[in-house]
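The next block holds one structure in the form of structure tokens; read it before the comments.
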């Protein structure tokens, strides 16, 4: 089942290209950060795919850093730039996230690999083996928790909030539905850690695949053209 990471990588690549293409057309820091977050998502699934064939200490560190720590936070930061209107707040939070991300990268890249790496089995999911291979200190664990909480709140919360505003104003039903799909998709990878703790390691890869499919579908739906009422509209996460 972990071979599904190959398909997740392909879909994430297409999604990332679509978001950056929209950024080139319309501009907007939120789209730029969304594209960056999706690139991290794809980097995580790509390293999963690479470790289907061989083990690399760098790959396991990039996999953990991008997938387990940074993706949700940077996707959520794009939402912050879209929804937070108070001057300077979004930029300050982005700077802070950049500093935290740099600290996370230093800690993870400096983390030692155990001797168990020599026994890495390409026939087993990397998520079933990384705890025995990558030594995570207290700083890595704390930052992983904080970054995922921040990312989930901003990404999922922002999508739900946007959907509520469209529903309340009864305009742009496509954006309302698109943001619901984005929220649902963002929740899927966030559940990956719970699957691992429950011993359902293969389900991490399913959640990543379903998550990116739902988010991509939501993005396409939310950005599709639809005739709307002349009244004011609310910002969409995938605007």
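The values are calculated or read from the model by the stated rules, or taken from the named source; none is laboratory data. This is a predicted model, so every value here is computed, not measured. Cβ placement follows ideal geometry from the backbone for every residue including glycine, while neighbour counts extend to all protein chains displayed.
Take residue 19 and tell me if it is surrounded by 20 or more Cβ atoms within 10 Å (Cβ to Cβ) and within 16 Å of residue 216 (Cα to Cα). The answer is yes for residue 19.
Inspect all residues belonging to region 56-75 and state whether any of them is touching a strand residue (DSSP E or B) at 6+ places or on another chain (Cβ under 6 Å) and over 17 Å from residue 205 (Cα atoms). Yes: one or more hits. Looking at 231, 224, just one residue is out of contact with any strand residue (DSSP E or B) (no Cβ under 6 Å at 6 or more places or on another chain), outside any helix (DSSP H, G or I), surrounded by fewer than 17 Cβ atoms within 10 Å (Cβ to Cβ) and modelled with pLDDT of 70 or more, and that residue is 224. Of the residues examined, residue 131 is not one that is under 30 Å from residue 219 (Cβ atoms) and either surrounded by fewer than 16 Cβ atoms within 10 Å (Cβ to Cβ) or out of contact with any helix residue (DSSP H, G or I) (no Cβ under 8 Å at 6 or more places or on another chain) (or both). Contact map, region 152-176: residues that are over 20 Å from residue 90 (Cα atoms) paired with residues that are modelled with pLDDT of 70 or more and assigned to a loop (DSSP other than H, G, I, E, B), Cβ distance under 6 Å, separation 6+ or inter-chain. Pairs shown: 174/224. Can you pull out the residues in region 98-127 that are over 22 Å from residue 208 (Cβ atoms), in contact (Cβ under 8 Å) with a residue 40 or more places away in the chain, within 23 Å of the chain's Cα centre (by Cα) and not in a loop (DSSP other than H, G, I, E, B)? 100, 103, 109 - these are the residues of region 98-127 that are over 22 Å from residue 208 (Cβ atoms), in contact (Cβ under 8 Å) with a residue 40 or more places away in the chain, within 23 Å of the chain's Cα centre (by Cα) and not in a loop (DSSP other than H, G, I, E, B). Across region 70-118, the number of residues qualifying as loosely packed, with under 13 Cβ neighbours inside 10 Å, farther than 30 Å from residue 132 by Cα and at pLDDT 90 or above comes to 4.
Yes/no per residue for (1) modelled with pLDDT under 80; (2) buried (at least 17 other Cβ atoms within 10 Å of the Cβ); (3) within 20 Å of residue 81 (Cβ to Cβ):
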{"site": "140", "(1), (2), (3)": "no, yes, no"}
{"site": "143", "(1), (2), (3)": "no, yes, no"}
{"site": "147", "(1), (2), (3)": "no, yes, yes"}
{"site": "162", "(1), (2), (3)": "yes, yes, yes"}
{"site": "165", "(1), (2), (3)": "yes, yes, yes"}
{"site": "185", "(1), (2), (3)": "no, yes, yes"}
{"site": "200", "(1), (2), (3)": "yes, no, no"}
{"site": "214", "(1), (2), (3)": "no, yes, no"}
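Looking at region 1-25 only, could you name the residues that are without any contact (Cβ under 8 Å) to a residue 24 or more places away in the chain and either under 20 Å from residue 179 (Cα atoms) or not in a helix (DSSP H, G or I) (or both)? Those that are without any contact (Cβ under 8 Å) to a residue 24 or more places away in the chain and either under 20 Å from residue 179 (Cα atoms) or not in a helix (DSSP H, G or I) (or both): 17, 20, 21, 23. In this structure, does residue 158 turn out to be modelled with pLDDT under 80, at negative phi and surrounded by 20 or more Cβ atoms within 10 Å (Cβ to Cβ)? When the stated conditions are applied, residue 158 passes them.
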